[in-house]
1. Given labels modelled 7 Å from the Cα in the Cβ direction, how far is it in nm from Arg204 to Val111?
2. Report, by chain and number, residues whose modeled amide H sits under 5 Å from the one on Gly223, excluding near sequence neighbours (fewer than 5 apart, same chain).
3. Could you list, in their original order, any pairs among Lys25/Lys152; Lys99/Lys142; Lys87/Lys121; Lys87/Lys295; Lys142/Lys295 whose Cα atoms are separated by more than 19 Å?
4. Can you give the FRET efficiency to the nearest 0.05 for Ala262 and Val195, using r as the Cβ-Cβ distance and R₀ = 35 Å?
5. Give the aspartates and glutamates reachable from Lys23 as a straight Cα distance under 19 Å; neighbours fewer than 8 places away on the same chain don't count.
6. Check cross-link reach from Lys288 to the aspartates and glutamates: straight Cα distance under 15 Å, and skip same-chain residues fewer than eight apart.
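A short reminder: the numbers here are calculations on the coordinates, not readings from a lab. Everything quoted here is computed from the prediction, not taken from an experiment. With ideal geometry, Cβ positions are generated from the backbone for all residues, glycine too; neighbour counts draw on all protein chains shown.
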Amino acid sequence: PPPAGASPGSGALNPFDRRLKRKQKNWAALQAEPAKCDYLREEVRGWRGHPERCDQFWAPQTFPLALDVGSGRGYIAQHLTKETVEKLIQVDIAENALKNAIESEIPTVRVVADEEFLPFKEDTFDLVVSSLSLHWVNDLPKAFKEIHQVLKPDGVFIGAMFGGDTLYELRCSLQLAELEREGGFSPHVSPFTAVADLGHLLSRAGFNTLTVDTDEIQVNYPGLFEVMEDLQGKYILCMGESNCSWNRKPLLHRETMLAAAAIYQEMYGNSDGSVPATFQIYYMIGWKYHESQAKPAQRGSATVSFGDLAKIEGILKRGKK
């Protein structure tokens, strides 16, 4: 529900209708063959942006207790093993998603809760993961603080979320078409966090040794109408990813849609006549501080200048001689 003092119109404080998002995700979880709608989650679930970095977590150690924030139907759990995680807690705002969760070999407990209000004690989990859920959170700084709080010292958070350039082709085409045909525009794609802000938000929440990567997944369609059908009617809606912003516009005029389709094709069309839809993904890793972690050297303690790095090759050659 909206926080105290906020109303549906106070978009600055409360951009998303969380009640609507819960209904969308509950509806999506009950659709037939939901696995067909999970193509984006399947692309991201292997931490596509930096699998080699995640290997250093999965391989050498076991996490006794892990938390999956915004787990949905358990997209991450099916790719974990008992050697990696001994016990998993799945949290999601939609009870139907948890009831229809994919079974895994890991002992799992499912809890209906909001990502912004995690019902767990401080210093509880060794690992927290989240995949394509946090972009619908109203208060992202608070969500990061909640995750940091429930992590044990030396615990790690690994997450992925949609980035600010997601569906930029669609957004730009619709805005230009509405400006031309209607004299103004309203948002049809939900707002996303900028990558420049993500590291700062994680740092403010208390995480250190941060890693933030970006990646893009591009899907090609015959045209704008197929993009809109796919996003609104089949896959994204089945994933519970429909726009739930308070200031969303309920419908588009046919003339505006035709103009947007022409703009989309002209500005972004591929040589084969198809048009791309781009999904930007942010991948993030952050640790909770522990005294055993490596610490940076004091400023000014370096004994070698970066300017000397160019001389290394010559020094090595002389050493071989």
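1. 2.6 nm
2. Distant-sequence amide H within range of Gly223: Val275.
3. Details: Lys25/Lys152 30 Å; Lys99/Lys142 27 Å; Lys87/Lys121 16 Å; Lys87/Lys295 30 Å; Lys142/Lys295 26 Å.
Flagged as over cut-off: Lys25/Lys152; Lys99/Lys142; Lys87/Lys295; Lys142/Lys295.
4. Values: r = 31 Å, r/R0 = 0.89.
For R0 = 35 Å, the calculated efficiency reads 0.65.
5. Glu33, Asp38, Asp92, Glu95, Asp114, Glu115, Glu116, Glu241
6. In chain and number order, the partners are Glu122, Asp123, Asp126, Glu146, Asp154.
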